[in-house]
Each structure stands twice: as C-alpha cells, then as structure tokens.
Amino acid sequence: MKILLTNAIVVTMDPETGDLADGQVLVEDDRILQVGQDLPSEGAEVVDCRGGILIPGLVNAHMHTWQTALRGVAANWTLLEYFGHVHRGLATLFSPDDIYIATRMGALNQLNCGTTTLGDWCHNNPTPDHTDAAIRGLKESGIRALFFHGSPKPDPKPGQPHFSEIPHPRSEVERLLAGSLSDREGRVTLGLAILGPHYSTLDVSLHDFELAKEFGLVASMHQGGGEAVSPGGWDVIEDQGLLGPDINIVHGQSLDDSQLARFCAKGVTFSIAPENEMTQGHGFPITGHVRRHGGVVSLGVDLESVISGDMFCVARMALGMQRALDNDASRREQGSIPDTSTIRTREALQWITVDGARALGLEDRIGSLTPGKQADIVLLDSGRLNMQPVNDPVSTVVMQASLANVDSVMVAGEFHKRHGKLLGGVEEGINHLAVSGHRINAELQSRQKKEGASQ
Ligand SMILES: [Zn+2]
C-alpha cells in the first residue's frame, strides 16, 4: 500500500534533505520510502496537499496522560499543593476504567494536536489492572507511545513503607515484556518511570537503574521540586557508570552546572516542561543550560490537569522563556540586547521532533521525514488566516501554527486525522471522560467533608 503526499512545502528536519518548497513524500506501508520531487505515483493513492506544510509528527516526551480527566483541577496549584491534592488525594480514587478513558482520550487529543509520539509517564499504577487499562487506552488511540511504567505516590497506610522505599516491581516489568508490550518494535513499547535519587532512597535508585539497564529500557525520572530524598545520590549513580543515553531526566533544576555538563557529555537526555515548570514553581526551565552543554532538549506537556496539550504552544513557551533569559543576561552583562536571537525557530521545532525522538530512544525510527523511518507525518493547513503568507515555513510552523491548522495526522502510514477531523469519532469517549472526571472530584470532596466532620 503506497500513499504519495504531493504539492506541499516539506519541512523534513533531516539535515541532508532540508526543506522543499514544493515537495513530495512517498509512503509505503508503515515507512517513508522517498522524499523529494517527481516521485513515482504508480500504484499509490495520491493525496494533494496544496496549500499545506508537511512536518514530522510531533513528539511530546513527557506527559502524565492519566490526568486528562483532571483538566483545570490543578491550574491554580503550586507543586506542593499538587502533590497533596493530586498524588495523595485524587490519584487514589482512580479505577482502572478511569485510567483507561483518561489515557485514551488524552492520547487522542495529542493526535488531534499533531503529536504522533507520546512519552506517557504513567505513575498511577496501584494494581496491574490499572497498568493494563492505560496500555489498552494508548493502543486503542493509535498513537505511538513509550509507556513509562511507574508507581503511585499515596500516603503510606500504617505499617506500610513510604513510596520512596519501594523498589520498582521487577515482576511487572517481566509481565509487560512477556505480554502486552512484548513487541520491542511495536507502536507502544515499555520504558521505566522510576523515582530516581530525588524521590527515592539510594538503594531503591540503584536497584531501579540496574533494572532498566538489565532489560534495555529507557529510565526516566523527575529531578527537582523540594528536598531530595538521597542528596548526593547522583554522585554514586555516576560513579557506578549508570549514566548514558538511556537515562532521561525530567525538569532538572536542582542539578548543578558541572553535573549538567557531565550528564550531557554522557548522553543523558532532558525533558523540559516549560509552561508547567513556570506555573508550579520548579524554577526557570533549564533549556539554556542543557543546550549550552550540547545536551538533548526534549519537551513535554507534563500535566493536562494544569495546562493545554498543544505541543506547538509548549515549544513557543520554551523558546520565548529561554530567549527572555538570554536577552536579560545580555542586557545585564553587556548593557544591550544581543545582536541576534540566541535561539532560532528551527531549533525549537527540533526539540519537539528529532530531539524528542532521541529522548525516547526512538531516533532511528521517528523524528524526521527520512526514507526508512516510520511514516509519522503531520499536514498543516497553512492556507488559513493565521498562517498566510508563509514567508519562512519553519518560523510559521513554530510561531503561528495551532490545533486549528492540524489538517491530517498519519502514524506508521495510517491516517488518524483527515480534513481537520479525527477518524473514528470521539463524542462517546468525551462523555465517558467527563463522567469519570466529575465522579473523581465529587468523591474527593465528600471524603474531605467526612474527614473534616470527624476531626
Ligand atoms: Zn512530570
């Protein structure tokens, strides 16, 4: 089965091919066969993309998709309030069905917004049924995902250990790799959402790093926000040679500059959630520090309980925030603004395509429109009021594009959105999601009332 996408501006994000003013992409089955001009159309369905821009599918490297039903709930909370109300409260009220519908609808929203690959950092898995429900939601949505399997963070019940003392369950890793995520080349694959030295004891951290290494999985962990459980833990992990491209650090504000330099040199990747970090109190995003050390900057939405799921917005936030910091530093140090922008728009697009793929260990398969890679492609309708005229396609994509322009979305050669509409319908799912979200919130309120009355 071949599909020829034709008559488009093609932004490949492949340095060898560059941008094509009037280009074509030939897809065969799940892969990109050729990118160029005058490609053979025999036996192919021809899709006329006139007035559009083709870009690689976006990569949202870090999101807790299970929180989709909590939209708006945490928008006015700092990180400390969020930990209390969400992890020790709302999260404990999720049934497997709540996890399923939030994950499926959150993933569909990502596809709708032009994201074709999601780093789903799922840390509300109190039972295997919750885990299986999340994976089912991802698979049914059709999105490509690295399912980061994590662990919940409730208050411990009497006699039980604190979550920071609980090693990542090996049995679950083995069960998933032998079962629903056994295909290591599949559309949904496994990563480990571990606690890391900031959120666990050193013994647990070392166990979890070794576990990920043993199974060849990307290990991702939050770093920052409050006091570290294992101060100095990173030094031990580093000394034991456990750092490399399979290690992904989320946020990272509490790492010092020499650590950052060494970690970047070892290929550790970073996932920054600019808007959420600014909102919740993590500190300024470390985008500039990571790029100064030549590290990999990937970006994520992080929390739909706080912000929108639109990765174009996330990229603009990261770019604008870092330019502001750089411009401010220049004003202070040299008494003037820089001669030119410190970061080009193309680099921002790279963060949400090629570098997102690197952070998820998928750079050989996705991230650019390169022959041989998976056909994960987005067509933007650039003929609309908010994008014309297209004088500089990359800048137009980064600075002007939004959900309104996402016309078509293809994952592994299969369309999931055409002519501005998701294929397969979403109304029933939206109702299911709303019922789930309202019930969880109502249950928390009645529990808090009861607790208040008994005090
Ligand atoms: Zn997060």
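Based on this model, can you work out whether residue 304 counts as within 16 Å of the ligand (Cβ to nearest atom), assigned to a helix (DSSP H, G or I) and either crowded, with 23+ Cβ neighbours inside 10 Å or modelled with pLDDT of 95 or more (or both)? No; evaluated as a whole, the condition is false for this residue.
Scanning the range 253-274 for residues that are buried (at least 24 other Cβ atoms within 10 Å of the Cβ) and touching a Pro at 6+ places or on another chain (Cβ under 9 Å) gives 268, 269, 272, 273, 274. The single residue among 391, 441 that is part of a loop (DSSP other than H, G, I, E, B) and over 20 Å from the mean Cα position of the chain (by Cα) turns out to be 391. For the range 53-75, taking the residues that are among the small types (Gly, Ala, Ser) and away from the ligand (no atom under 16 Å from the Cβ), the one that is farthest from residue 304 (Cα to Cα) is identified as 57. Exactly one residue out of 360, 369 is touching a residue at least 24 places away in the same chain (Cβ under 8 Å), touching a Gly at 6+ places or on another chain (Cβ under 7 Å) and closer than 27 Å to residue 294 by Cβ, and it is 360. Which residue pairs have Cβ atoms closer than 6 Å, lie 6 or more positions apart in sequence or on different chains, and pair a first residue in the range 304-318 that is touching a residue at least 60 places away in the same chain (Cβ under 8 Å) and outside the structural domain of residue 72 (by TED's automatic domain parsing) with a second residue that is among the charged types (D, E, K, R) and part of a loop (DSSP other than H, G, I, E, B)? The qualifying pairs do not exist here. The residue that is nearest to residue 148 (Cα to Cα), among those in the range 89-104 that are modelled with pLDDT under 95 and within 16 Å of the ligand (Cβ to nearest atom), is 91. Scanning the range 99-134 for residues that are surrounded by fewer than 24 Cβ atoms within 10 Å (Cβ to Cβ), over 27 Å from residue 404 (Cα atoms) and either aliphatic (A, V, I, L, M) or in contact (Cβ under 8 Å) with a residue 60 or more places away in the chain (or both) yields a count of 1.
When 254, 271 are screened for being of a type in the set (Ser, Thr, Tyr) and modelled with pLDDT under 95, only 254 passes. Only a single criterion out of (1) in a loop (DSSP other than H, G, I, E, B); (2) touching a strand residue (DSSP E or B) at 6+ places or on another chain (Cβ under 7 Å); (3) within 30 Å of residue 432 (Cβ to Cβ); (4) away from the ligand (no atom under 16 Å from the Cβ) is not satisfied by residue 182, namely (2).
Considered as a group, the residues in the range 11-48 that are out of contact with any helix residue (DSSP H, G or I) (no Cβ under 9 Å at 6 or more places or on another chain) and of a type in the set (Val, Ile, Thr) include one that is surrounded by the fewest Cβ atoms within 10 Å (Cβ to Cβ), and that residue is 46.
Of all residues in the range 247-271, those being touching a residue at least 60 places away in the same chain (Cβ under 8 Å) and in contact with a Leu (Cβ under 9 Å, 6 or more places away or on another chain) number 4. If we scan the range 65-81, do we find a residue that is without any contact (Cβ under 8 Å) to a residue 24 or more places away in the chain and either in the same structural domain as residue 220 (by TED's automatic domain parsing) or over 23 Å from residue 389 (Cβ atoms) (or both)? Among the residues of the range 65-81, at least one is without any contact (Cβ under 8 Å) to a residue 24 or more places away in the chain and either in the same structural domain as residue 220 (by TED's automatic domain parsing) or over 23 Å from residue 389 (Cβ atoms) (or both), which makes the answer yes.
The values are calculated or read from the model by the stated rules, or taken from the named source; none is laboratory data. The structure presented is a predicted model; accordingly, all values stated were derived computationally and were not measured. Counting neighbours? That spans all protein chains shown, and the Cβs are built from the backbone with ideal geometry, glycine included.
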